[in-house]
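The values are calculated or read from the model by the stated rules, or taken from the named source; none is laboratory data. Note that the structure is predicted; figures quoted are calculated from it, not measured. Cβ atoms come from the backbone with ideal geometry, glycine included; neighbour counts cover every protein chain shown. Side chains are part of the model used for accessible areas, which takes the heavy atoms of the whole protein and leaves out ligands, DNA and RNA. Shrake-Rupley method; radii C 1.70, N 1.55, O 1.52, S 1.80 Å.
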Amino acid sequence: AKERARERGALVRQRREARNGGLRSGARAGGRDPLPLGAAVARLSVERGWEMPLAVGGVLGRWPELVGPEVAQHCAPESYDEESRVLTVRCDATAWATQLRLLAPQLLARLNADLGRGTVKLIKVLGPAAPHRPPGRLRAPGSRGPGDTYG
């Protein structure tokens, strides 16, 4: 008889909660309370493991602030490999690629200070992409084009 009374009590309690709109949030903060949008996005990025890609994307959006407007005009970030932590940057001239290779240690320190230590391990600097030139009668066999312009 006691077991049946307990079951009936649990059944009555479930019906009452269903009638009142289910579980409610109490006076203290709980996991179901509404959050500000920024806090909700931050919690979602932590739960999904998106912290580093979001941080790198934010830095790539602020590229001119990090390297300066003159360098940003000639060099742009192309990709970021999350596994090897390599940032690839393409420059529009070999002179700018050489300049950026010389500035790479300072840029690497600035990026890691902004993103967190070890986020970017290497900056791979690429020169301009050479135009495709099909072999013709005025080309020497095995030549790759003007080496001083496209490196």
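Odds and ends about this structure:
- Summarising the strand pairing of region 68-126, around 55 percent of its internal DSSP beta bridges are antiparallel.
- Cα gyration tensor shape of region 68-126, rounded if a/c is under 1.5, else prolate or oblate by comparing a/b with b/c: prolate
- Note on LEU35 and ALA113: their simple-model spin labels are 3.1 nm apart, each label 7 Å out from Cα toward Cβ.
- Linear extension gain, ARG101 paired with ALA1, 0.36 nm per residue minus alpha-carbon span: 27.6 nm
- Here the accessible area of region 68-126 is 52 percent carbon and sulfur, with a 1.4 angstrom probe and all protein chains present.
- Heavy-atom surface of region 68-126, accessible at 1.4 Å and reported per residue (Å²): 59
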